[in-house]
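J.: Encoded as structure tokens, here's the structure I'll be asking about.
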Amino acid sequence: MTQNLTTIAEWAKLVGISRQSAYDAVTRCGIPVVDGKLDPDYATHLYQKHTRPRANSQRPAPMANEAPASTPAGAGGAESEAKPPKVPGYDTSRARREAAEATAAEIKLAEMAGQFLLKSDVDSTVFEAARALRDGLMNCARRIAADVAPLRTAEECEDVIEREMRALLESMAHTFGERLGVQLEEHAE
């Protein structure tokens, strides 16, 4: 058993962790150490048993009888596969996070100041106003028939119809103002 022992630092290289992480694993996983050396197979077994897998460990492991998934090409050791996308640095990520937080704070401030309306309130108010406008237009002919019947010219009829349509549109604008606190622009003719 003595000839199979290795140092903690060599075992760390074998497992692919830092030397400090290896010393932490010895304590955390209860790996037995004799004169500063350990059994690498048993240590690896205990380490894997007591350690959560890495986030990028979802790649399939190469089969024992097959060639590795990617082999170094040439003397430079460059891999034949494309490089993974570059991960942004800490400063870039922090700046993006702070910009997002600032935008969220501005939206919250605008909500508190009453500059934004709730979508559900707008939807229900528009529905009610459109329904009232539809009902008013559908009943318009019945309401103004008596007013238009005795008139002799087309201009007089147009005035009565225009007065009725304007009243319906003003009613709709009043509904928006009352329910949502929004004043629609009035166009003077």
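J.: Suppose R0 equals 35 Å. What FRET efficiency, 1/(1 + (r/R0)^6) with r the Cβ-Cβ distance, do HIS174 and ALA99 give to the nearest 0.05?
T.: 0.25
J.: So which lysines pass the test for LYS108, namely a Cα distance under 30 Å, with those fewer than 8 places away in the same chain ruled out?
T.: Within reach: LYS119.
J.: List the lysines whose Cα sits under 27 Å from the Cα of LYS86, skipping any in the same chain fewer than 8 residues away.
T.: Here the lysines satisfying the reach criterion relative to LYS86 are LYS13.
J.: Please list PHE127, PHE176 from largest to smallest accessible area, probe radius 1.4 Å, with all protein chains kept in place.
T.: PHE127, PHE176
J.: What FRET efficiency comes out for VAL126 versus CYS157 if R0 is 41 angstrom and r is the Cβ-Cβ distance? Round to the nearest 0.05.
T.: 0.85
J.: What FRET efficiency comes out for ILE144 versus LEU117 if R0 is 22 angstrom and r is the Cβ-Cβ distance? Round to the nearest 0.05.
T.: 0.05
J.: Right, something else. Subtract the Cα-Cα distance of ILE107 and HIS50 from 0.36 nm times their separation in residues, and report this length gain in nm to one decimal.
T.: Here the answer is 16.0 nm.
The values are calculated or read from the model by the stated rules, or taken from the named source; none is laboratory data. These numbers were taken from a predicted model, which means no experiment stands behind them. All Cβ positions, even for glycine, are placed from backbone atoms using ideal geometry, and neighbour counts span all protein chains on display. Surface areas here come from the heavy atoms of the whole protein model, side chains and all, with no ligands, DNA or RNA. Shrake-Rupley method; radii C 1.70, N 1.55, O 1.52, S 1.80 Å.
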